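Step one of this worksheet: look at the structure below.
Bear in mind that the values in this text are calculations on the coordinates, not laboratory data. This is a predicted model, so every value here is computed, not measured. We place every Cβ from the backbone using ideal geometry, glycine too, and count neighbours over all the protein chains shown.
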Amino acid sequence: MKRLLLLVYILTVLSCKETTVSITDTTASDKAITTSSPIEDILGEEKEFPNDYLGIYKGNLNITTMKGKEAIPMEFHLIETSDSLNYQYKIFYGVERSERAYNLKKTHNPHLYLVDENNGIILETAYADHTLFSTYEVMGNLLNCTEVFHDDYMEFMITMSRVQDTSITGNAESAIVKNYPLSIMQKAVLYKE
């Protein structure tokens with residue numbers, strides 16, 4: 001248990017350093033993106049979510065499965081409405097622009113939003129450090145979604161694990177750990193128009 005806590009602490013400290021990530025997009029040349037540390041975010045200008053990130057974002061969604069990789073066009077729209085608690089939250093996939101028309105709704109908690117799929121499904125999503133986080137289980141699959149917002153682009157990622165593939169390790173002396181092997185990853189860097 002102490003080793004696990006030490007590992008979490010080390011990863012937390014390392015995540016506070018500035019990093020540069022190279023991203024390859026089939027529509028643009030390699031771009032270097034520098035992300036600032038949480039300390040710089042605190043000292044810099046405070047952004048208001050979602051108002052400071054409204055707009056249309058475009059790029060390619062890279063899908064990785066056990067069968068290989070595939071890239072398809074993707075758009076993300078975050079648009080204000082006449083209701084100050086409700087925003088259009090639309091995703092378009094593929095050349096045919098298959099639309100997912102959702103709504104992003106504010107709650108009484110400034111760090112909790114609801115993604116209403118307009119079909120009876122409502123997903124809770126947490127907001128912190130310019131990022132929306134959500135985890136949910138559907139039809140035997142565990143999905144984790146993150147959407148990181150920057151001034152002129154956003155990073156979108158969904159990972160999926162099959163719940164039935166779960167393995168359990170550890171014991172009463174250490175800790176019982178459930179593993180959910182990754183089966184699909186969808187990742188995109190979308191640039192604001």
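Values as computed for the structure displayed
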quantity	calculated
Segment 61-70, residues that are surrounded by fewer than 17 Cβ atoms within 10 Å (Cβ to Cβ) and assigned to a strand (DSSP E or B)	T64, T65, G68, K69, E70
Hits in segment 108-140 (condition: free of Cβ contacts under 8 Å to residues at least 12 places away in the same chain and under 17 Å from P50 (Cα atoms))	H108, N109, L114
Residue match in segment 171-190 (condition: charged (D, E, K, R) and touching a Pro at 6+ places or on another chain (Cβ under 6 Å))	no
Segment 73-103 - residue that is in a strand (DSSP E or B) and of a type in the set (A, V, I, L, M, F, W, C) and, of those, nearest to G59 (Cα to Cα)	M74
Matching option when the condition is surrounded by 16 or more Cβ atoms within 10 Å (Cβ to Cβ) and out of contact with any Ser or Thr (no Cβ under 7 Å at 6 or more places or on another chain), among T159, T107	T159
Of residues in segment 155-193 being part of a strand (DSSP E or B) and in contact with a Gly (Cβ under 7 Å, 6 or more places away or on another chain), the one farthest from N62 (Cα to Cα)	V177
Candidates E75, E46, filtered to the one that is among the acidic types (D, E), under 21 Å from F149 (Cα atoms) and touching a residue at least 60 places away in the same chain (Cβ under 8 Å)	E75
